[in-house]
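Encoded as structure tokens, the structure appears first; notes follow it.
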Amino acid sequence: MKKTVRRNDKKLHRLKFYREYVGLNQKDFALLLGYKVSNYAQKENGRTELKRSEMLKLQKAINDRLEKMGKSPVTLDEIFSP
């Protein structure tokens, strides 16, 4: 089953929150996924879909930073579920 994020989805606000909370910017996530910043921004803003494999990469990046901050890791559901 393919899990994707749709436009105007409140999950996207949490993705942005966690990205900013751990001190990463859109360029960091774009590089991680192999996209231009504008392409990643479209995904974060809900204009194009995020694939499950992309969600997993983003979760890992967030959790790596949270670990360095001494914080508990977050699950996919915490980042991407409504």
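The values are calculated or read from the model by the stated rules, or taken from the named source; none is laboratory data. Note that this is a predicted model, so its numbers are computed, not measured. Quick reminder, even Gly has a Cβ in these numbers, built from the backbone with ideal geometry, and neighbours come from all protein chains shown.
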Would you please name the residue that is surrounded by the most Cβ atoms within 10 Å (Cβ to Cβ), looking only at residues in the stretch 42-82 that are touching a Leu at 6+ places or on another chain (Cβ under 7 Å) and of a type in the set (Lys, Arg)? Lys43
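At pLDDT below 95 and closer than 20 Å to Asn25 by Cβ: is that true of Ile79 in this structure?
Working: at pLDDT below 95: yes; closer than 20 Å to Asn25 by Cβ: yes.
Against the criterion (at pLDDT below 95 and closer than 20 Å to Asn25 by Cβ), Ile79 qualifies.
For residues that are part of a helix (DSSP H, G or I) and either closer than 21 Å to Gly70 by Cα or among the small types (Gly, Ala, Ser) (or both), scanning just the stretch 1-27, find the one that is modelled with the lowest pLDDT. Talk me through it step by step, then tell me what you get.
Start the filter on the stretch 1-27 by keeping residues that are part of a helix (DSSP H, G or I), which leaves 11-21, 26-27.
Subset that is either closer than 21 Å to Gly70 by Cα or among the small types (Gly, Ala, Ser) (or both): 14-21.
Numbers: Arg14: 88, Leu15: 91, Lys16: 92, Phe17: 92, Tyr18: 94, Arg19: 95, Glu20: 94, Tyr21: 96.
By that ranking, first place goes to Arg14.
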Residue tally, condition surrounded by 14 or more Cβ atoms within 10 Å (Cβ to Cβ), closer than 21 Å to Pro73 by Cα and not acidic (Asp, Glu), over the stretch 17-41: 9
Looking only at the stretch 36-69, filter to residues that are touching an Asp or Glu at 6+ places or on another chain (Cβ under 9 Å) and outside any helix (DSSP H, G or I); which one of those is modelled with the lowest pLDDT? Gly46
